[in-house]
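Novice: Provided herewith is a single structure, encoded as C-alpha cells, for subsequent inquiry.
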Amino acid sequence: MSGSRVLQAGTRIDSTRTVNFSFDGRDYTGHPGDTLASALLAHGVRRMARSFKYGRPRGIIGAGAEEPNALVQLGTGALTTPNVKATQAELYEGLSARSTSGWPSLDFDLKSVLGQGSRFMPAGFYSKTFKWPQKLWPLYETVIRKFAGFGDAPAEPDPEDYDHLHHHVDVLVVGGGACGLLAALQAGRAGLKTLLLDEQNELGGWLLSDPNAQIDGRSSEAYIRSVQAALAEMPHVTVLVRTTAFGMYEQNLVQAVELLQDHIAPGQRQAHLPRHRMHKIRAHQVVLATGAIERPLVFGNNDLPGVMTVSAGQTFLHRYGVRVGQRVVICGTSDLIHDCAESLAKAGAQVTVADVRHSAVARNGSYTVMAGHCIAEATGGGEVKGVKLVPLHPTRDETTGAGSFLACDVVLSSGGLSPTVHLFCHDGSRPQWDESLAAFVAPHTGRKGVACAGSVTGAFELADALAQTTQAMQQVLAACGKTDTLPVPSCPQPRRLQPRPMFRLPDGKAEGAGAKAFVDYQNDVSAADIELAVRENYHSIEHVKRYTALGFGTDQGKLSNVNGFVITARALKRPVSEVGTTTYRPAYTPVSLGALAGTMSGELFDPNRYGAIHASHVARGAALEPVGQWQRPWYFAKPGEDLHAAVARECLAARNGVAVMDASTLGKIQIDGPDAREFLNRIYANAWTQLAVGKCRYGLMLDENGMVMDDGVTACIEQNQFYMTTTTGGAARVLNWLERWHQTEWPELKVWMTSVTDHWSTIALVGPKSRAVLAKLCADIDLSPDSFKFMDWRAGTVHGLPVRVFRISFSGELSYELNVESGYGRALWEAVMAAGAEFDITPYGTETMHVLRAEKGFIIVGQDTDGSMSPMDLDMAWAVGLKKPFSFLGKRSLSRSDTAREGRKQLVGLLPEDPASVLVEGAQIMESATVGAQNQMLGHVTSSYHSAFLGRSIAMAVVAGGLQRKEQTLYVHAHGKVTPAKVGSSVFVDLKGDRQNV
Amino acid sequence: MFNPPNVMLESPLHAFGLPARAATPAKENRVAMSELPHLGYIVLRGKADDTAFMQGVAGVLGQALPTRPMSVVSTSAGVVLWVSPDEWLLACKRSARDALLAALATALRDVFAQVVDNSGGLTALRISGPDHLLLLRQLGPYDYESLAVGRCASTVASKTGFTVVRTDTDGVVLVFRRSFADYTWRLLERTARPYRLCITSPAHCADPLFTPLLEIV
C-alpha cells in the first residue's frame, strides 16, 4: 500500500498509450510523459537506493533536479549513463535502468550491516580511520572503492555525437515557468531578440503542478499554451526545452546543455543529430526566472522510503496522475501544505496535516489538521509505516508533550522555499538571508545586465511574482532602449496564514540522542554531524561543508544546503545572515563531458597540419612524427626495415649519394622596408648590414635574457627585402616576437613582416650527387661551384616551375633547398624523385635530419637548448656581433654576472668509450662512475645517435665548464647504467666544412 | 612571366577529392559547400594615411583600398578584403597574379609598402544553403548574424581560424590557410552533419565576387 495511478484531470501523461520499461531486472509499464520515478511510484515501488555511508534504504524524495537518492544506471553497453536521477529520466519504450547502490542487492545490502555501527562512523571519520597501518592502505582503498560511488562509467567508446551552438541575443530568459514565460513574452513583444530556456521537457515550471492557478483569467494550462503560441509567432524569439543553463560567466556568457535525444529510445534516435548540444549564449540582458526549490524538514528517520517533499506529492499527482500514498501525513510550516492536503484528499487519500502553527485550521472537511504539532520521528523498517507527532511550543522550537503515534504510508514535509540563486551567484557573490521570508534570496533589482524575476527573489506568491517580474522587465527593456510600458497580468491574491519558519524539528531529546535526522541524503550527513563539526571548532560554513560533506553530491545540496546552513548558525549561536552560504559554482546539474567537448574529439581534438607534399610521403610509406601540430615524415622504412635500419640507409645516402627531405614546415617570414636591415640587426645576435642581394646567412635569435630562443637562415632577396626562416615549432612565436618589438619599441622603423609559411614548399636536395640531379631539372641557373657558391640563392626554373634555389645545408653536405609555391610542391617533389631515380635518390625524414646535423654539431633549438643557453654557452660567439651600433635583443644580458661567469654549462661533443653504446638523451653526466652521498651533476646529454657514416655512436651534451674539459672522460648515468664517454668537439664529421663547399 | 601548366597545381583541399564527390543539392541538403580553388592571393601592407601608397595601389587596382574596417570591395583586379589598418588581401584570377605583382611592385617602388604573394598559402570555400548561418554559429563565437553583405571578419573556429566574407544573403566565402585546410575541412564536414551537407560544384554554389575569379583547371 503506497503509490498508485489515479484518474486525474489535466495531467501531462498520455494515459491512452503504454510504455514498457524495466528496473532492476523487473518489467513494468508506464505512459508517455512519465518519468522513471513517476512510473515506478505508480507501481508502488519505493526502495530505490542504499545510502552512501550507512547503507540505509532510500526512496524518491523529490520530483526533479533536486532528487538526491534515486540515482539510476540508464541503458547498457556503450550508451550506459550513470547517476541519472529517476525524476529526470523521461520514459521511452524499452528503457532499462538499474539501481546504483546496494551490494549484493538493493534488498540486502552488506553496507547496511556495517551501518549498524554508525555511531562509530560520524562525519569526519574517513580522515581519522584507515590511516594505519600504512601498508594496509591499498587494501582499504580497494574495499572503500567497492562501497563508494554510485553508478558505473561506460567502458566502451561513446558512439554518439555532441556539438556546440553560439547565440547572441538581446535577452536571455532562464526558466520557463510563469515568470519566465511572462518575461519572454514581454521581451519578444518589445521586439527584442530573445532566447527562452527551460530544463524540463515542456514549459510551465510549477504551473504544471498547480493547475488551479489563475493568470489573466486563464488556468495554468491555458496560460502556458497561449504564451507558447504567442512566442512561436515571433521569429526573433527562440524557445529551447530540455535545456539547462548550468553556468553564468563573465560578461553575461551563459552556458546551457540541451538534451536533444536522451528521451528517445536509442533505436529511434537520429544519427545526424547530436545527443547533447552545448549552447554558449551571450546576452545583453540575462533574466533569471529560475524559481525556487522546496526544502524538506529535518526530523528523525526522515530518510525512510516514503518520506518526500510536499511539492513532490503535488507534482506526482497533478503532472503524472500518481498519488504517492493512501494514508498521508503532511507536516509543514506554511499554507503550501494545505494546497497539497486538499489535492490529495480530492484524489482519494486519507490526509492528516501536522501544521507547526497553532492557529492553523483545515480549509474544509476533507482532511484533518493537528495544529501546533510536528513530526519527532518517522518509523518503519525499510519504508515509512508511521510517524510520532509531538506538540510544539507556540514560539520556541521545543516539544511540550510526549506526543502520539499515527500510522501512514507516506510522509510529505515542507520547510518553505529556497530560491534557486545559483546562476546569480556564479560570479562569486552570495545571496542575502531574508529573515522574514526565511530564505536566501537574489536581489529583486538584480545587478547590471542581470535581472531576477519571480520566486528567485523571494516573491513566492504567484501574484507577487508576476508583478515583480513585470517591474524587472521594465528595467530590462529600458536597458535595451525600449520604452514600452508593461501591463501586470491579473492574478488572485489568496489570503495566507503567516508561515512559521522551522528547520530541524524537535524530538524532545539532545541532538544525536534520538533517531538520525538527515540533512544531506547523498552523503549521509545528519544534524548531529553538523553539530559535531561545530564542536570540533569548524566555524566557517565552508569548513563545516568540507568536514561533513554537506552539499558535495550530484544534487549539490539542493534539498539540504539551506537546512544545513541554518542548523550550523543555530549551533554557532550566530545569525544565519552572518553564517551565510557556501560558494556557488557551475555546473548547476551534471554536464556530460561530451557536451563540453562538442566536436573537439577524435580527429578534431587538435589540428593536424600538413604540407602540400604530404600525400607523396604517405604513398612512400613514411612513418610520421608530430612536430607541434605538424605531421612530418619521420623515416621511410623499406620492407623489413625498422627505424634504425631505415635511418642508417638514409644517412649514408645523404652523405654518399643523394637524398631528399621535405622542409616545408619551417616558418617563413617575408620582411620588407628601408629599415629591414636595421631591424634584423636588432632582433638577431649577428650582423646583417652587409649581407648582399643573393646571399644567405644563419641567424641566431636571443631573448631578453640573452638566451637562444630560435635560429634559422635568412636570405637577402632584394636590397630591402629579406626572407627569414624559423624553426617549425617557433614560427608563430617568432612572428609575434617581431611584431611585439616593432609595434611597442621601434614603431619608427620602416619595416613590414608577413608570414609566408604556407605559401612556400621547401624541398631539400642533399648529397654529393645533388647537383647532378638538379642539373637535370634546371637549365637556367649556372650550378657550377664558382658561380653558385655555398650560402648563395638564385631564382630560376626547375621542372618548368618558378623556383628559388637556396644553397644552404643543415647536413653539412652539398645541398640545394628548392622553394616553390605550395600548389606545385607535390609536382616538384615527384619530379625530383624521378630525376634522382638513376642516382638511387633516397627520401628521408626528421630522424635522419637530426642525425646528419648532429654529426656536424649544429644545434636544434629546443633540443640542445632549453631557454637557458647563451650563444657563448653553445660555443657560438662567432654568431654574436658585439660591434653593431644599436644594441640587439639580449646583448645587455650577456654581461650579467651569472650569464658571463665561469663554469656554466657549455655545449660539447661526447664519444662513448664503447662505440656501440648509444647514450640516452637526458642522461645525467658526472665526474664519477659511482653514485655517492654527494653527487655533482655536471649536465646532461641533449642529442644522441648512432652514426652510420662514422660507424659509431655520437652525442651532444651540455656540461659545466665543458669547453675546458676536452679529452676528459666523464660518466653518463641513465636507467641504472653508467657509460664512460670522452669530451671533445661537437663536430664529428668534416671538421673543416669542406663537404658543403664542393 | 609565363604561367606553368595548371595541371600540376594542387589546391589545399586536393586530398579530399571534392570535385569527384560533387552532387546537385536537394531539398534535404540544408547546407552546400564548394571549394573555389587556385585563386591568386596578394597581401598588401601599407599605411592608409600615406597618399603615395594609396594612390599607387589605386592606380593598379582601379580604385582605392578601403579604409573602413571589415570592408569587402570588388575591383577590376579582384576582391579586396580589409584585414587590419595596414593590411589588405587581394584575391585575383591566377592568370592575372604575376602581372599584378609586377604592377604593384613598380607602382610602389619608392613607397614604404610590402607586396607579398600568398597564393600558395590560402584557399577559398563557398558555404550556402538555408541553414548556412546556423552552421557558422556552430563553429565559433562570432556574431555571424550581424555580418552584413559587403563585410568580412577574421575569427576563430574551434582550434583554427578563418576569414568569413559575406558577399550575398545566400552564403559566405571562407578564406583559410593551407596548413590548416585538412582540419578546417574535417571540422566543417563534421559540424555540418545536422544539415545534411551537399558537396557541390562551384556552379551550384556561386559566389558573386569570388566565382568570377575562378579559372577551372
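The values are calculated or read from the model by the stated rules, or taken from the named source; none is laboratory data. No experiment lies behind these values; they were computed from the predicted model shown. Neighbour counts run over all protein chains shown; Cβ positions are idealised from the backbone, glycine included.
Novice: Taking region A:670-700, which residues are among the hydrophobic types (A, V, I, L, M, F, W, C), part of a loop (DSSP other than H, G, I, E, B) and within 29 Å of B:Lys47 (Cα to Cα)?
Specialist: Listed by number, the residues that qualify are A:Ala687, A:Trp688, A:Leu691, A:Ala692, A:Val693.
Novice: Next question, about the same structure. If I filter region A:883-897 down to residues being hydrophobic (A, V, I, L, M, F, W, C) and closer than 19 Å to A:Leu738 by Cβ, which single residue comes out as farthest from the chain's Cα centre (by Cα)?
Specialist: Filtering first and then ranking leaves A:Phe886.
Novice: For region B:191-217, how many residues meet the condition of being surrounded by fewer than 19 Cβ atoms within 10 Å (Cβ to Cβ) and within 11 Å of chain A (Cβ to nearest Cβ)?
Specialist: Total meeting the criteria: 3.
Novice: Report the residue count in region B:45-74 for those that are polar (S, T, N, Q) and in contact with a Cys (Cβ under 9 Å, 6 or more places away or on another chain).
Specialist: Number satisfying all stated conditions: 1.
Novice: Okay, moving on. I'd like to check something: does region A:521-543 contain any residue that is crowded, with 20+ Cβ neighbours inside 10 Å and in a strand (DSSP E or B)?
Specialist: yes
Let's see how each residue does on (1) away from chain B (no Cβ under 14 Å); (2) surrounded by 13 or more Cβ atoms within 10 Å (Cβ to Cβ); (3) under 30 Å from A:Asp210 (Cα atoms):
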site: A:Lys111; (1), (2), (3): yes, yes, no
site: A:Thr129; (1), (2), (3): yes, no, no
site: A:Asp163; (1), (2), (3): no, yes, no
site: A:Val173; (1), (2), (3): yes, yes, yes
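Novice: Moving to a separate point now. Suppose we keep only residues that are within 11 Å of chain A (Cβ to nearest Cβ) and in a strand (DSSP E or B) within region B:85-104. Which one would you say is surrounded by the fewest Cβ atoms within 10 Å (Cβ to Cβ)?
Specialist: Here the residue is B:Glu87.
Novice: Output the residues belonging to region A:359-378 that are within 15 Å of A:Leu505 (Cα to Cα) and surrounded by fewer than 22 Cβ atoms within 10 Å (Cβ to Cβ).
Specialist: A:Ala371, A:Gly372
Novice: Here's something else I'd like to know. Only one of these conditions is not met by A:Pro626: (1) touching a Lys or Arg at 6+ places or on another chain (Cβ under 6 Å); (2) assigned to a strand (DSSP E or B). Which number is it?
Specialist: Here A:Pro626 meets the rest and fails (1).
Novice: Can I ask one more? Please verify whether B:Asp182 is within 8 Å of chain A (Cβ to nearest Cβ), touching a residue at least 40 places away in the same chain (Cβ under 8 Å) and either acidic (Asp, Glu) or within 22 Å of B:Asn118 (Cα to Cα) (or both), treating the condition exactly as stated.
Specialist: So B:Asp182 fits the description; yes.
Novice: Name the residue that is surrounded by the most Cβ atoms within 10 Å (Cβ to Cβ), counting only residues in region A:614-626 that are within 12 Å of chain B (Cβ to nearest Cβ) and within 28 Å of B:Thr191 (Cβ to Cβ).
Specialist: Ranking the qualifying residues of region A:614-626, first place goes to A:His614.
Novice: Are any residues in region B:144-160 surrounded by fewer than 17 Cβ atoms within 10 Å (Cβ to Cβ), facing another protein chain (nearest Cβ under 8 Å) and either under 15 Å from the mean Cα position of the chain (by Cα) or under 21 Å from A:Met600 (Cα atoms) (or both), and if so, which ones?
Specialist: Across region B:144-160, the qualifying residue is only B:Lys159.
Novice: Give the residue, chosen from B:Val73, B:Val79, B:Val43, that is under 18 Å from B:Cys152 (Cα atoms) and within 14 Å of chain A (Cβ to nearest Cβ).
Specialist: Step by step, each of B:Val73, B:Val79, B:Val43 is checked, and only B:Val43 is under 18 Å from B:Cys152 (Cα atoms) and within 14 Å of chain A (Cβ to nearest Cβ).
Novice: In contact (Cβ under 8 Å) with a residue 40 or more places away in the chain, more than 14 Å from every other protein chain (Cβ to nearest Cβ), surrounded by fewer than 18 Cβ atoms within 10 Å (Cβ to Cβ) and not in a strand (DSSP E or B): is that true of A:Asn201 in this structure?
Specialist: Spelling it out, A:Asn201 is indeed in contact (Cβ under 8 Å) with a residue 40 or more places away in the chain, more than 14 Å from every other protein chain (Cβ to nearest Cβ), surrounded by fewer than 18 Cβ atoms within 10 Å (Cβ to Cβ) and not in a strand (DSSP E or B).
Novice: Among the candidates A:His236, A:His272, which residue alone is in contact with a helix residue (DSSP H, G or I) (Cβ under 8 Å, 6 or more places away or on another chain), surrounded by fewer than 24 Cβ atoms within 10 Å (Cβ to Cβ), within 14 Å of chain B (Cβ to nearest Cβ) and within 27 Å of A:Ser220 (Cα to Cα)?
Specialist: One residue alone meets the criteria, A:His236.
Novice: Here are some residues: A:Gly845, A:Gly825. Which one is crowded, with 22+ Cβ neighbours inside 10 Å, within 14 Å of another protein chain (Cβ to nearest Cβ), modelled with pLDDT of 95 or more and within 30 Å of A:Gly800 (Cβ to Cβ)?
Specialist: A:Gly825
Novice: Can you give me the number of residues within region A:9-47 that are more than 30 Å from A:Ala222 (Cα to Cα) and not charged (D, E, K, R)?
Specialist: Adding up the residues that qualify gives 9.
Novice: Here is a list of conditions, (1) without any contact (Cβ under 8 Å) to a residue 60 or more places away in the chain; (2) assigned to a strand (DSSP E or B); (3) more than 10 Å from chain B (Cβ to nearest Cβ), and A:Pro639 meets all of them except one; can you say which number that is?
Specialist: Here A:Pro639 clears every test but (2).
Novice: How many residues, within region A:778-824, are among the charged types (D, E, K, R) and farther than 18 Å from A:Met724 by Cα?
Specialist: The qualifying residues number 5.
Novice: Let me ask something additional. Would you pick out the residues in region A:114-138 that are of a type in the set (A, V, I, L, M, F, W, C), under 14 Å from A:Ser51 (Cβ atoms) and part of a helix (DSSP H, G or I)?
Specialist: Within region A:114-138, just A:Leu114 meets the criteria.
Novice: Could you run through region B:105-141 and say how many residues are under 20 Å from the mean Cα position of the chain (by Cα) and either outside any strand (DSSP E or B) or more than 9 Å from every other protein chain (Cβ to nearest Cβ) (or both)?
Specialist: Matching residues across region B:105-141 total 18.
Novice: Of the residues A:Met709, A:Met753, only one is within 36 Å of the chain's Cα centre (by Cα) and among the hydrophobic types (A, V, I, L, M, F, W, C); which?
Specialist: Only one candidate qualifies: A:Met709.
Novice: Same structure again: Checking A:Pro747 against (1) within 23 Å of A:Glu817 (Cα to Cα); (2) within 14 Å of chain B (Cβ to nearest Cβ); (3) free of Cβ contacts under 8 Å to residues at least 40 places away in the same chain, which test does it fail?
Specialist: Only one criterion in (1) within 23 Å of A:Glu817 (Cα to Cα); (2) within 14 Å of chain B (Cβ to nearest Cβ); (3) free of Cβ contacts under 8 Å to residues at least 40 places away in the same chain is unmet by A:Pro747, namely (1).
Novice: Report the residue count in region A:723-748 for those that are farther than 27 Å from A:Pro626 by Cα and surrounded by 18 or more Cβ atoms within 10 Å (Cβ to Cβ).
Specialist: Residues in region A:723-748 being farther than 27 Å from A:Pro626 by Cα and surrounded by 18 or more Cβ atoms within 10 Å (Cβ to Cβ): 1 in total.
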